[in-house]
Amino acid sequence: MRSAIAEINIKRLDGQGTLSVTASFGVASLPQSADDKESLIAAADAALYRAKRGGKNRVERAEPARATT
């Protein structure tokens, strides 16, 4: 998805060239990254912001969930 988005060029409304678009993604999964839907969303969100801080136009995987004892 990220590569396909990066290939899109959008014509500027003023006719002065094109704009390019990039995307960053945070990826999380159950049960590797979280135990429930709230923590799954939080894990994906944390991974997304890590991707953005890492230079944008990236994909970051969520950290493994910590075992609760």
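Data table
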{"read-out": "The one condition in (1) of a type outside the set (A, V, I, L, M); (2) on the phi < 0 side of the Ramachandran plot; (3) part of a loop (DSSP other than H, G, I, E, B); (4) under 11 Å from the mean Cα position of the chain (by Cα) that residue 35 fails to fulfil", "value": "(4)"}
{"read-out": "Per-region count, the stretch 17-31, residues among the polar types (S, T, N, Q) and either in a helix (DSSP H, G or I) or modelled with pLDDT of 95 or more (or both)", "value": "3"}
{"read-out": "Top-ranked residue in the stretch 49-69 [being assigned to a loop (DSSP other than H, G, I, E, B) and among the β-branched types (Val, Ile, Thr); ranked as modelled with the highest pLDDT]", "value": "68"}
{"read-out": "All positions within the stretch 38-69 that are at negative phi and within 9 Å of the chain's Cα centre (by Cα)", "value": "44, 45, 47, 48, 49, 50, 51, 52, 58, 59, 60, 61"}
{"read-out": "Hits in the stretch 1-33 (condition: among the aliphatic types (A, V, I, L, M), open to solvent by less than 60 Å² (accessible area, probe 1.4 Å) and in contact (Cβ under 8 Å) with a residue 24 or more places away in the chain)", "value": "6, 23, 28"}
{"read-out": "Residue 46 in contact with a strand residue (DSSP E or B) (Cβ under 8 Å, 6 or more places away or on another chain), aliphatic (A, V, I, L, M) and either open to solvent by 40 Å² or more (accessible area, probe 1.4 Å) or not in a helix (DSSP H, G or I) (or both)", "value": "yes"}
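The values are calculated or read from the model by the stated rules, or taken from the named source; none is laboratory data. Quick caveat: nothing in here was measured; it's all calculated off a predicted structure. All Cβ positions, even for glycine, are placed from backbone atoms using ideal geometry, and neighbour counts span all protein chains on display. Areas reflect the complete protein model, heavy atoms only, side chains present, ligands, DNA and RNA absent. Shrake-Rupley method; radii C 1.70, N 1.55, O 1.52, S 1.80 Å.
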